[in-house]
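Data first, discussion second: the structure below is written as structure tokens.
The values are calculated or read from the model by the stated rules, or taken from the named source; none is laboratory data. Quick caveat: nothing in here was measured; it's all calculated off a predicted structure. Don't worry about glycine lacking a Cβ; one is built from the backbone with ideal geometry, like all the others, and counts go over all protein chains shown. What goes into the accessible areas is simple: the full protein's heavy atoms, side chains included, and nothing from ligands, DNA or RNA. Shrake-Rupley method; radii C 1.70, N 1.55, O 1.52, S 1.80 Å.
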Amino acid sequence: FLLRLSYTLDNNVLTTEQRQFYEDNGYLLIKKLVSDEDIERFRKEFVRICKREVKPPGAMIMKNESLRSQYGQSEKVVNKVQDFQEDKELFRYCTLPEV
């Protein structure tokens, strides 16, 4: 049968199974794609943004208020930071060749 995949390219970067998973679920997890060192740097910068130690212009911090009773004001209630392109360290993730 003909496999119809709309959201990925047939270019030998992803396997057919990975492409199908992405089609079905809208995301794909590839373990160890980014170094542990970089992940730790990005995590630390994320926490700094959540704690408002740095304030990238235009960045929006989205919180899941239902977690506040469990985690208080910690970064664990933050489920999304958007418009973070002005934060050079965190935006560096978007420019990694692996990504």
Provide a single number: the residues in region 74-88 that are more than 24 Å from residue 31 (Cβ to Cβ), touching a helix residue (DSSP H, G or I) at 6+ places or on another chain (Cβ under 6 Å) and open to solvent by less than 70 Å² (accessible area, probe 1.4 Å). 1
Which number in (1) assigned to a helix (DSSP H, G or I); (2) of a type outside the set (Val, Ile, Thr); (3) open to solvent by 100 Å² or more (accessible area, probe 1.4 Å); (4) free of Cβ contacts under 8 Å to residues at least 40 places away in the same chain marks the one condition that residue 91 misses? (3)
Look at region 56-73 and say how many of its residues are assigned to a loop (DSSP other than H, G, I, E, B), more than 11 Å from residue 84 (Cβ to Cβ) and open to solvent by 70 Å² or more (accessible area, probe 1.4 Å). 1
In region 8-42, which residue that is part of a helix (DSSP H, G or I) and in contact with a helix residue (DSSP H, G or I) (Cβ under 8 Å, 6 or more places away or on another chain) is most open to solvent (accessible area, probe 1.4 Å)? 41
